[in-house]
1. Anything in region 74-101 that is at negative phi, surrounded by 12 or more Cβ atoms within 10 Å (Cβ to Cβ) and among the small types (Gly, Ala, Ser)? List them, or say none.
2. For the structure I just gave you, tell me whether Asp166 is touching a residue at least 12 places away in the same chain (Cβ under 8 Å), assigned to a loop (DSSP other than H, G, I, E, B) and either surrounded by 12 or more Cβ atoms within 10 Å (Cβ to Cβ) or charged (D, E, K, R) (or both).
3. Does Thr162 satisfy being in contact with a Pro (Cβ under 6 Å, 6 or more places away or on another chain), more than 15 Å from Gln86 (Cβ to Cβ) and of a type in the set (Val, Ile, Thr)?
4. Can you spot a residue in region 139-151 that is in contact (Cβ under 8 Å) with a residue 24 or more places away in the chain, within 20 Å of Asp193 (Cα to Cα) and part of a loop (DSSP other than H, G, I, E, B)?
5. Restricting to region 102-118, and then to whatever is part of a helix (DSSP H, G or I), touching a residue at least 24 places away in the same chain (Cβ under 8 Å) and surrounded by 13 or more Cβ atoms within 10 Å (Cβ to Cβ), can you tell me which residue is nearest to the chain's Cα centre (by Cα)?
6. Any residue that is at pLDDT 95 or above and surrounded by 11 or more Cβ atoms within 10 Å (Cβ to Cβ) - is there at least one of those in region 60-73?
7. When residues of region 119-138 are filtered for being part of a strand (DSSP E or B) and surrounded by 14 or more Cβ atoms within 10 Å (Cβ to Cβ), how many remain?
8. Kindly evaluate Ser197 against the criterion of being in a loop (DSSP other than H, G, I, E, B), of a type outside the set (Val, Ile, Thr) and farther than 24 Å from Pro114 by Cα.
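The values are calculated or read from the model by the stated rules, or taken from the named source; none is laboratory data. This is a predicted model, so every value here is computed, not measured. Glycine also receives a Cβ, built like all others from the backbone with ideal geometry; neighbour counts cover every protein chain displayed.
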Amino acid sequence: MLPSNVSEFETTSPSPTKKGKRRGGGLFVMLGLLIVLVAVIAAAVTRLPTGSLSRPAATAVPAQTARQTPAASGSTADATTQRAIQQVIQQLDQAQAEAIATNNPNVMAATATPEFYQEQVATNQDLVDNGVTQVKLINIEWGDIVVNGNTATATAWETWSTTFEDGTTMQARDRNVYTLVQQDGAWKVQADDHPDSQQNAPGR
């Protein structure tokens with residue numbers, strides 16, 4: 001609001017272009033204008049609502065906390081559990097690459113639930129039908145691994161290389177959010193979501 005107030009004052013204040021014969025008269029005019037200006041500012045200040053500054057802070061705090069609360073359902077996995085879950089995901093990734101290279105989807109069954117295994121078989125077939133001849137995991141960057149009873153959630157940023165039948169190669173990095181369950185004492189992948197993109201990462 002300051003720029004509009006300033007512009008108002010600049011346009012309404014008279015510029016002293018006339019030369020007065022008496023300096024005392026000019027001084028009285030300046031004092032009069034100063035008094036009017038002070039009165040206008042005082043009137044504007046008294047009309048400001050007293051509670052307007054505290055409202056945004058009151059509404060902003062709940063909005064931020066509400067957005068952060070649904071993050072964790074469970075507790076951070078201990079070091080042993082983290083290694084076991086990371087190993088299962090890495091084995092699943094390697095099995096998928098092997099399944100496409102050898103046309104043998106059975107190698108993916110050991111690390112996936114039956115339902116997710118069927119999804120992976122369909123995914124691989126779709127990749128092959130679209131000209132994919134090879135997928136290769138380049139790198140994994142691990143995020144949070146949270147355990148809640150017999151289920152777990154693991155976040156990983158995976159970089160995949162995909163080779164097509166015409167010889168071209170594409171490389172992409174994508175965030176994977178894995179859901180795992182314990183079956184017969186072993187962790188198995190139940191789902192793999194890609195929240196950052198509509199298209200699945202290579203090999204997924």
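1. Ala77, Ala84, Ala95, Ala97, Ala99, Ala101
2. Yes; evaluated as a whole, the condition is true for this residue.
3. Judged against the criteria, Thr162 is a match.
4. So far as region 139-151 goes, yes, one or more of its residues are in contact (Cβ under 8 Å) with a residue 24 or more places away in the chain, within 20 Å of Asp193 (Cα to Cα) and part of a loop (DSSP other than H, G, I, E, B).
5. Among those residues, the one meeting the criterion is Phe116.
6. We begin by selecting, within region 60-73, every residue at pLDDT 95 or above; these are none.
Checking region 60-73: not a single residue is at pLDDT 95 or above and surrounded by 11 or more Cβ atoms within 10 Å (Cβ to Cβ).
7. Result for region 119-138: 6.
8. yes
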